[in-house]
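Got a structure here, written out as structure tokens. Questions coming.
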Amino acid sequence: MFFALKGPNFNANAFAGEALAKGSRYAVVDDPTVVKDERFLLVPDVLQALQDLARHHRRTFNIPVIGITGTNGKTTTKELVHAALSADRPTLATSGNLNNHIGVPLTLLRMNAEHRIAIIEMGANKVGDIAELVAIAEPTYGLITNIGRAHLEGFGSYEGVITAKTEMYGFLGGHNGTLFVNADDALLMEKSAGMKRVTYGRSAGADTSGATASSGPFMALVFAGRDEEAYHVTTQLIGDYNLPNALAASGI
């Protein structure tokens, strides 16, 4: 199915006929002048149709859906979580960093009957972006890796970044979801207070606590979960700054 999306430099309605000629079954368009037969599906707004279809498709699956966002480390964390979960169950995860208003719907539309869990990365350039994405993906679990001062131009201020990223918490708090929270991050602990959460970090009181144990070029860590059994893992990551990302995956 071809979705005729529009961008600042193109309007894919112009290519709908060509897409059908090259093998697409249907073309979803929002320009009535390009419609030639019943294979052209005319909608008011193609992007909205794509997002609505993705939400509808997601609702046909009663599986855990984990939303991941943050200023830094979200793609690395997504890949680590995927590596951990996919070891013993079919797991869907965002490809690359397709984490925006188009990428999230495309990821959701890849869900099929074999998947037992989904990991959806979500990016933001301004306040409201995460709220839009969680409304499409409807995650049951959520993780904010951190909230930093990068890319302030779209958010107006650091407070704007905080507002945007914690839209993830707002959705999950209102839908009985569960948060995964870095116990070492005072801001995230404050913003998630009173919500259903599972913690990870260096802190001894975290549900999953751990520390680095490196002796070579790749980061190694030792962590313990609620069963208090210690696990030693050597990653393929360089840099101890990846410890929170690895502990997040371990906790999840």
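List every residue pair whose Cβ atoms sit under 6 Å apart, with the two residues 6 or more apart in sequence or on different chains, where the first one lies in the stretch 34-48 and is at pLDDT 95 or above and of a type in the set (Val, Ile, Thr) and the second, anywhere, is surrounded by fewer than 18 Cβ atoms within 10 Å (Cβ to Cβ) and part of a loop (DSSP other than H, G, I, E, B).
Once the first residue is at pLDDT 95 or above and of a type in the set (Val, Ile, Thr) and sits in the stretch 34-48, its partners that are surrounded by fewer than 18 Cβ atoms within 10 Å (Cβ to Cβ) and part of a loop (DSSP other than H, G, I, E, B) give VAL46/LEU5.
Which of the residues spanning the stretch 147-183 are modelled with pLDDT of 95 or more, of a type in the set (S, T, N, Q) and open to solvent by 40 Å² or more (accessible area, probe 1.4 Å)?
ASN176
Moving on to the next point. So which residues in the stretch 235-252 are assigned to a helix (DSSP H, G or I) and not small (Gly, Ala, Ser)?
ASP240, TYR241, ASN242, LEU243, PRO244, ASN245, LEU247
Residue by residue, here is whether (1) under 29 Å from PHE155 (Cβ atoms); (2) within 27 Å of the chain's Cα centre (by Cα) holds:
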| site | (1), (2) |
| --- | --- |
| ALA12 | no, yes |
| LYS22 | no, no |
| GLU38 | no, no |
| THR60 | no, yes |
| SER95 | yes, yes |
| ASN100 | yes, yes |
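Please work out which residue is nearest to HIS175 (Cα to Cα), limiting yourself to the stretch 235-250 and to residues that are crowded, with 16+ Cβ neighbours inside 10 Å and in contact with a strand residue (DSSP E or B) (Cβ under 8 Å, 6 or more places away or on another chain).
Restricting to residues being crowded, with 16+ Cβ neighbours inside 10 Å and in contact with a strand residue (DSSP E or B) (Cβ under 8 Å, 6 or more places away or on another chain), the top hit is ALA248.
Still on this structure, please answer the following. Residues being without any contact (Cβ under 8 Å) to a residue 24 or more places away in the chain and basic (Lys, Arg): count how many of those fall in the stretch 1-22.
Final tally of qualifying residues: 1.
Just give me the residues in the stretch 207-224 being in a strand (DSSP E or B) and within 23 Å of the chain's Cα centre (by Cα), in sequence order.
Within the stretch 207-224, THR208 is the sole residue that qualifies.
Oh, and also: Can you pull out the residues in the stretch 43-64 that are loosely packed, with under 14 Cβ neighbours inside 10 Å and either farther than 22 Å from LEU92 by Cβ or aliphatic (A, V, I, L, M) (or both)?
Selection gives PRO44, ASP45, GLN48.
Mind checking which residues of the stretch 184-206 are open to solvent by 20 Å² or more (accessible area, probe 1.4 Å), under 18 Å from ASP227 (Cβ atoms) and in a loop (DSSP other than H, G, I, E, B)?
SER203, ALA204, GLY205 - these are the residues of the stretch 184-206 that are open to solvent by 20 Å² or more (accessible area, probe 1.4 Å), under 18 Å from ASP227 (Cβ atoms) and in a loop (DSSP other than H, G, I, E, B).
Looking at (1) open to solvent by 30 Å² or more (accessible area, probe 1.4 Å); (2) within 29 Å of THR107 (Cβ to Cβ); (3) part of a strand (DSSP E or B), can you tell me which one HIS232 breaks?
(2)
The values are calculated or read from the model by the stated rules, or taken from the named source; none is laboratory data. Since this is a predicted model, take the numbers as computed values, not measurements. Positions of Cβ are backbone-derived with ideal geometry, glycine not excepted, and every protein chain shown enters the neighbour counts. Ligands, DNA and RNA are stripped out before the accessible areas are found, and what is left, the full protein with its side chains, is counted by its heavy atoms. Shrake-Rupley method; radii C 1.70, N 1.55, O 1.52, S 1.80 Å.
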